[in-house]
Structure formats: structure tokens, C-alpha cells
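Quick notes on the structure that follows.
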Amino acid sequence: MENVTSYAGLVADIYNAVSGVELFYGHESGYFDNPGNLEREFFAGVISMEMNNANGAEFNRIIFPESLKIINEMVDSLLESE
């Protein structure tokens, strides 16, 4: 089994972004107050977990199924345009 600390920061960032609750991992206080940071961080965290971590990818499918569908559509669209 993978070490959860390998993606704990990503999960903490996503959790902070969507809930406003800061955990001991992740970005500094106030980071998500800047416009666009929430969206960028969510996208980056989800993509990173999908590509690099099987447990993280499963986490995405369980916790964020609708958001993951949208991100997958965005990625597919980008790949088709190349």
C-alpha cells in the first residue's frame, strides 16, 4: 500500500480549497483568498493524484465524481485539439 503522506498535501490543499478548513499540510493561510487559486489548486491536485497515485485517484472518484468528469472532459478536449 502506498504511503498516504505521498499525497496528503494534495488532499489537504483540495480539502482546504473546498471547505475553508486548514489542515497541517498544504498552502499557507490566506492562499485561497487570491482569485483563481482555488480552481488552479483543485485542478492541479486532482490531475497529480490521477497520474501519480492509485489511492489518490480512487479518492477522487469517491469524493469528487462530478468534478472529475468535468476535468476529464477538459483534458480530453485539450488532447483532441493537438
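The values are calculated or read from the model by the stated rules, or taken from the named source; none is laboratory data. Treat the numbers as computed from the prediction; the structure is a model and nothing was measured. FYI the Cβ positions are ideal-geometry reconstructions off the backbone, even for glycines, and counts take in every protein chain you see. Side chains are part of the model used for accessible areas, which takes the heavy atoms of the whole protein and leaves out ligands, DNA and RNA. Shrake-Rupley method; radii C 1.70, N 1.55, O 1.52, S 1.80 Å.
Couple of notes before you dig in:
- Within the range 36-58, the set of residues being at pLDDT below 80 and not polar (S, T, N, Q) comprises Ala54, Gly56.
- Yes/no for Ile71 being modelled with pLDDT of 85 or more, in a helix (DSSP H, G or I), under 14 Å from the mean Cα position of the chain (by Cα) and of a type in the set (A, V, I, L, M, F, W, C): yes
- Residue count for the range 36-69, restricted to those that are open to solvent by less than 30 Å² (accessible area, probe 1.4 Å) and of a type outside the set (A, V, I, L, M, F, W, C): 7.
- The set of residues in the range 14-24 that are touching a Leu at 6+ places or on another chain (Cβ under 9 Å) and either touching a residue at least 40 places away in the same chain (Cβ under 8 Å) or open to solvent by less than 60 Å² (accessible area, probe 1.4 Å) (or both) comprises Asn16, Ala17.
- Evaluating Val4 against the criteria (1) crowded, with 16+ Cβ neighbours inside 10 Å; (2) at pLDDT below 75; (3) among the hydrophobic types (A, V, I, L, M, F, W, C) leaves one unmet condition, (1).
- Top-ranked residue of the range 25-35 - restricted to ones that are at pLDDT 80 or above and either open to solvent by less than 60 Å² (accessible area, probe 1.4 Å) or part of a helix (DSSP H, G or I) (or both), ranked as nearest to Tyr15 (Cα to Cα): Phe32
- Number of residues in the range 36-48 that are under 9 Å from the mean Cα position of the chain (by Cα) and farther than 11 Å from Ile14 by Cα equals 2.
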